[in-house]
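The values are calculated or read from the model by the stated rules, or taken from the named source; none is laboratory data. Predicted model, so just to flag it, every value in this text is computed and none were measured. No Cβ is skipped: glycine too gets one built from the backbone with ideal geometry, and neighbour counts run over all protein chains shown.
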Amino acid sequence: MALIMSTSLFAQAFSNDACYVVETDEGKEYVQRFEWQQIDYIQKFEFHLEMKDAATGLWTETECIETKDNHIEIPLDSGIYQYKIVVFNLLGKPELESEWIPLEINKVYQPKVDSVSSPTVYLEDKDGELTLSGKGLLGSSKLTLWNEEGIAFDVENLGSDDKFRELKLYTDPELLLPGVYTLTIENEGGLSTTFTPITVKYRKAWDLDVAVGYACVLNLFDSNFKNYFGETMFPFGAGAKISVMPIKKGWGYLGFGLNATYSLMNDLEMKPVETGYELSGNYIAGYFDIIYQYPIRNQKKNNNLRAIFEGHVGAGLVLLNDITFHFPHDINTEPFNILYLSAQFGGSAQYYLTKRLYVELNLDVTITPSIDMNMGNLVPTVMIGWQF
């Protein structure tokens, strides 16, 4: 009596339903191994293999092999197959027969990278599109960038040409860190290759910005300015700024700098007769700042800087210098100085006229607490600067 065996009796040696044939330059064919359960006291196994015609959908037998072993190796081309195993007893009669087992053979390609359009990715550019040239570069290839610490970064496959010789990819520079990377390309069937080095860096490791310009001091609070000087705005001044930005990431730059302001403090009008004096002096302030910058680049002009937005906070000193009371009849007091600790916070916007030259609008709030007064000033500054 013939028995129809289940597929599980003749288990495949591979773990999934698809196997692969490698296409190489030498034209080597891939040999697929089939393996099933061993059965004792039989005469032979008979292996039947059929291939499906892609156009008609009809099945054609391509192999009928007799063997006493429970495995067989056959070179196969890509296509859709089905196979079954028939067991013959010691009398040479078919006794057991498996169901037809489906099998799909997919043609795969060994990827090879000969060159990369730009093996260096500049983080300022925010342009992570590269073109690979080689062989076996598919639109379905899985791409991964690995840094030297073994951290993986996803890469988007933008597609390949018809001959699989060129492939475009994109990786977001804002997600990358400066360093040397290895690109892996993996096709179906586990065929893969690597390309190294791909270097990720900034065009400049750090920036040095120097700017000078006009500054105005506006007193926000503390009545001493109004009481003694008769004014809360001192429009005759200058400002200077130096910034060093050694930490450059995709999300922005971090650095430090020095910020200085000078303003001439003169009583512009004589005090009332009962007061009978005018007051003069100099306002000098200097701060050490911690700075954050976010650059905006011009995508149409080689990604040159278009603008930088900045926020900063710092601490420093305020010096009221050469403070002198002037009385009628050319009577003047001896000049004196007062030094205070102070803090400031503010922001600025830089607009680049050329690759290096920029104009900057800076706005700071300074707070100078002391026993005899709590001075708060608003300091707008318009400057012209140069990035080295």
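Here are a few things to note about the model shown:
- Subset tally (residues that are in contact with a Ser or Thr (Cβ under 8 Å, 6 or more places away or on another chain) and of a type outside the set (D, E, K, R)) for the range 148-163: 5
- Boolean, residue 294 is under 27 Å from the mean Cα position of the chain (by Cα) and either part of a loop (DSSP other than H, G, I, E, B) or among the aromatic types (Phe, Trp, Tyr) (or both): yes
Residues checked against (1) polar (S, T, N, Q); (2) touching a Cys at 6+ places or on another chain (Cβ under 9 Å); (3) more than 25 Å from residue 292 (Cα to Cα):
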site	(1), (2), (3)
137	no, no, yes
152	no, no, yes
160	yes, no, yes
174	no, no, no
182	yes, no, yes
238	no, no, no
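- Qualifying residue in the range 352-363 (condition: touching an Asp or Glu at 6+ places or on another chain (Cβ under 6 Å) and in a strand (DSSP E or B)): no
- Conditions (1) assigned by TED's automatic domain parsing to the domain that holds residue 145; (2) of a type in the set (A, V, I, L, M); (3) buried (at least 16 other Cβ atoms within 10 Å of the Cβ); (4) in contact (Cβ under 8 Å) with a residue 60 or more places away in the chain; number of the one not met by residue 169: (4)
- Residue in the range 289-296 that is at pLDDT below 95, of a type in the set (A, V, I, L, M, F, W, C) and at negative phi present: yes
- Some residue of the range 74-90 being part of a loop (DSSP other than H, G, I, E, B), farther than 27 Å from residue 107 by Cα and not polar (S, T, N, Q): yes
- The one condition in (1) free of Cβ contacts under 8 Å to residues at least 24 places away in the same chain; (2) in the same structural domain as residue 41 (by TED's automatic domain parsing) that residue 163 fails to fulfil: (2)
- Among (1) at pLDDT below 60; (2) within 16 Å of residue 100 (Cα to Cα) - the single one residue 48 does not satisfy: (1)
- Members of the range 234-279 that are modelled with pLDDT of 85 or more and in a loop (DSSP other than H, G, I, E, B): 235, 236
- Matching entry among 280, 348, 342 (being under 21 Å from residue 253 (Cα atoms) and hydroxyl-bearing (Ser, Thr, Tyr)): 348
- Between 118, 140, the distinction of being among the polar types (S, T, N, Q), outside any strand (DSSP E or B), within 18 Å of residue 172 (Cβ to Cβ) and not assigned by TED's automatic domain parsing to the domain that holds residue 50 belongs to 118 only.
- Residue in the range 79-87 that is in contact (Cβ under 8 Å) with a residue 12 or more places away in the chain, surrounded by 13 or more Cβ atoms within 10 Å (Cβ to Cβ) and among the basic types (Lys, Arg) present: yes
- Tally of residues being surrounded by 10 or more Cβ atoms within 10 Å (Cβ to Cβ), part of a loop (DSSP other than H, G, I, E, B) and basic (Lys, Arg) across the range 30-73: 0
- Residues in the range 332-347 that are within 18 Å of residue 220 (Cα to Cα) and not aromatic (Phe, Trp, Tyr) were compared, and the one that is surrounded by the fewest Cβ atoms within 10 Å (Cβ to Cβ) is 341.
- Of all the criteria given as (1) at pLDDT 95 or above; (2) crowded, with 19+ Cβ neighbours inside 10 Å; (3) more than 24 Å from residue 236 (Cβ to Cβ), the one not satisfied by residue 305 is (1).
- Cβ pairs under 7 Å, 6+ apart, first in the range 325-347 and more than 21 Å from residue 280 (Cβ to Cβ) and modelled with pLDDT of 80 or more, second hydroxyl-bearing (Ser, Thr, Tyr) and surrounded by 12 or more Cβ atoms within 10 Å (Cβ to Cβ): 342/366; 342/368; 344/287; 344/366
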